[in-house]
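Novice: Take this structure first; my questions come after.
Since every read-out is calculated from the coordinates, none of them should be taken as a lab result. All values reported here derive from a predicted model rather than from experimental measurement. Cβ atoms come from the backbone with ideal geometry, glycine included; neighbour counts cover every protein chain shown.
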Amino acid sequence: MAVEVEMVIPPDDPSEPCYEAETVQLLREVAEHAEQGDRNWIQEHGTVYELVTSTR
C-alpha cells in the first residue's frame, strides 16, 4: 500500500525533516487498519497494491 504524506522542514533545524502530529496519527491509523485487513478504509486513504504470482 502507499499513502501520500508531507514532511515539514522545521525552521529551527532545517537539517532534519519531520512529520506533523496529524501525519503521525494518520500513519498509525493506516497501520492499524492494515493489520485488521480493512481494505476499504485503506483504499479511501491511499493506494492498495496486490501481489500477483505467475502460474508458469
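Novice: Within the chain, report the chymotrypsin sites (Phe, Trp or Tyr not before Pro) that DSSP leaves as loop and that have at most 15 other Cβ atoms within 10 Å. All intermediate terms of the calculation are to be shown ahead of the outcome.
Specialist: Numbers: sites: TYR19, TRP41, TYR49; in loops: TYR19, TYR49.
Passing sites in the chain are TYR19, TYR49.
Novice: Please report Rg over Rh for the chain, where both radii come from the alpha carbon positions and Rh follows the Kirkwood definition. Could the numbers behind the result be given before it?
Specialist: Values: Rg = 15.5 Å, Rh = 13.3 Å.
We get a ratio of 1.16 for the chain.
Novice: Right, another one. TYR49 to LEU26: extension gain in nm, 0.36 nm per residue of separation minus the Cα-Cα distance? Working shown, then result.
Specialist: Details: separation 23, 0.36 × 23 = 8.28 nm, distance 1.88 nm.
Taking 0.36 nm per residue and subtracting the Cα distance, the gain is 6.4 nm.
Novice: Could you give the dipole magnitude of the chain about its Cα centre, charging the beta-carbon of Lys and Arg +1 and that of Asp and Glu -1, in debye to the nearest 20?
Specialist: Values: 3 positive and 13 negative charges, 104 e Å.
Computed charge dipole of the chain: roughly 500 debye.
Novice: Obtain the nm distance between the two label points defined at ARG56 and ARG39 by a simple spin-label model: each point lies 7 Å from its Cα along the Cα-to-C-beta direction.
Specialist: 2.6 nm
Novice: Something else: Quick one: if you stick a label point 7 Å off each Cα along the C-beta vector at CYS18 and GLU4, how many nm between them?
Specialist: With each label point 7 Å from Cα toward Cβ, the separation is 2.5 nm.
Novice: Between the helical axis of 21-36 and the dominant principal axis of the chain, each derived from Cα atoms, what acute angle in degrees is found, rounded to the nearest 10?
Specialist: With both axes taken from Cα atoms, the answer is about 20 degrees.
Novice: Suppose we flag GluC sites (Glu not before Pro) only when DSSP calls them loop and at most 13 other Cβ atoms lie within 10 Å. Which is the longest uninterrupted stretch of the chain? Don't skip to the answer; put the middle values down first.
Specialist: Details: sites that count: GLU4, GLU6, GLU20, GLU50.
The longest such stretch corresponds to 21-49.
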